[in-house]
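Okay, structure first, notes after.
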Amino acid sequence: MPHAHGFLSDHFCVSLAASTLTQCIFPLNRNRERLKKNIRAYKPLRKDVPKPRILLIGQISAGKSTFFNSINAVFRGYPIHQAESGFEGKSLSKKYMSYPISDGRGGPELPFILCDTMGLERSDGEGGIHTEDILSVIKGHVHHRYTVSPTRRTDPHYRTKPTLADKVHCVVYVIDASSPHELNPSVLKKLNDIRLKVNGLVMEMKNYSSELELSDAINILLLGALQQMLRAADSYFDNLNLNERGQITG
Ligand SMILES: Nc1nc2c(ncn2[C@@H]2O[C@H](COP(=O)(O)OP(=O)(O)O)[C@@H](O)[C@H]2O)c(=O)[nH]1
Ligand SMILES: [Mg+2]
């Protein structure tokens with residue numbers, strides 16, 4: 001269970017296979033630029049994956065869409081609200097959305113894709129996305145803009161033979177640290193079921209929620225978290241490469 005730690009930590013990001021954020025905060029703008037440079041230069045450890053897919057999962061209103069908007073903002077240079085955030089009514093985030101992010105307005109795409117889904121539970125009592133459907137997304141069976149629940153293997157949009165590039169390479173649990181005690185038991189069960197398939201560590205996050213201007217302290221937390229997610233994707237690729245080599249030599 002995550003704990004809130006005061007400074008810039010009203011929202012929490014629990015990432016599978018990430019390590020604690022230890023970025024030094026001074027001098028802020030130099031750190032921000034160094035992190036951005038590393039992220040721009042990132043290349044996946046697989047030739048058959050042009051961009052790692054980072055999937056955000058969590059309870060409704062945990063801050064998933066706002067995290068995407070915040071990363072977008074850091075690279076645009078101003079707050080931006082592309083993914084619908086706020087009250088999740090029937091229309092919001094029911095679909096599996098994959099968002100490439102540009103390096104500046106009209107700039108080239110950055111080397112990763114953030115993927116957003118509906119909450120693990122719904123305010124209207126419909127129960128949210130099913131664990132099997134999240135696993136279908138992770139395994140690459142679900143197309144962009146496809147309504148994830150319920151799983152229908154006969155649906156023409158169901159990708160029966162996903163490639164490695166279609167799969168999710170890093171799964172991020174987003175948990176609202178201002179109300180961790182409100183974690184719904186059915187959501188906890190789903191998180192645990194998914195965690196049986198993947199391992200992970202914890203890091204703290206602060207999204208841009210109502211800010212009108214960007215701040216480097218927040219930029220650095222966001223970029224540091226993103227860098228950890230890319231490293232988690234690298235660990236996944238490393239293991240895959242090891243397994244494949246083992247199969248060839250063994
Ligand atoms: N104070 C604060 N509010 C946040 C933060 N991240 C998201 N929010 C707010 O939480 C609400 C739900 O966020 P949203 O991204 O729509 O959650 P989602 O359902 O997980 O996609 C919105 O009103 C956001 O403005 C944060 O880091 N701090
Ligand atoms: Mg959302």
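The values are calculated or read from the model by the stated rules, or taken from the named source; none is laboratory data. Only a predicted model underlies this, so the values are computations on that prediction, with no experimental measurement involved. Backbone-built Cβ (ideal geometry, glycine too); neighbour counts: all protein chains shown.
Odds and ends about this structure:
- Filter result for K190 (part of a helix (DSSP H, G or I) and of a type in the set (K, R)): yes
- Inspection of the stretch 157-168 identifies at least one residue that is at pLDDT below 75, surrounded by fewer than 20 Cβ atoms within 10 Å (Cβ to Cβ) and not in a helix (DSSP H, G or I).
- The listed residues are A83, A73, and the only one of them that is at pLDDT 90 or above and either more than 16 Å from ligand 2 (Cβ to nearest atom) or within 28 Å of A217 (Cβ to Cβ) (or both) turns out to be A73.
- Residues that are over 17 Å from P79 (Cα atoms) and without any contact (Cβ under 8 Å) to a residue 60 or more places away in the chain, drawn from the stretch 101-112: P108, E109
- Index of the failed condition, K206 passing every other in (1) among the basic types (K, R); (2) within 22 Å of P100 (Cβ to Cβ); (3) modelled with pLDDT of 85 or more: (2)
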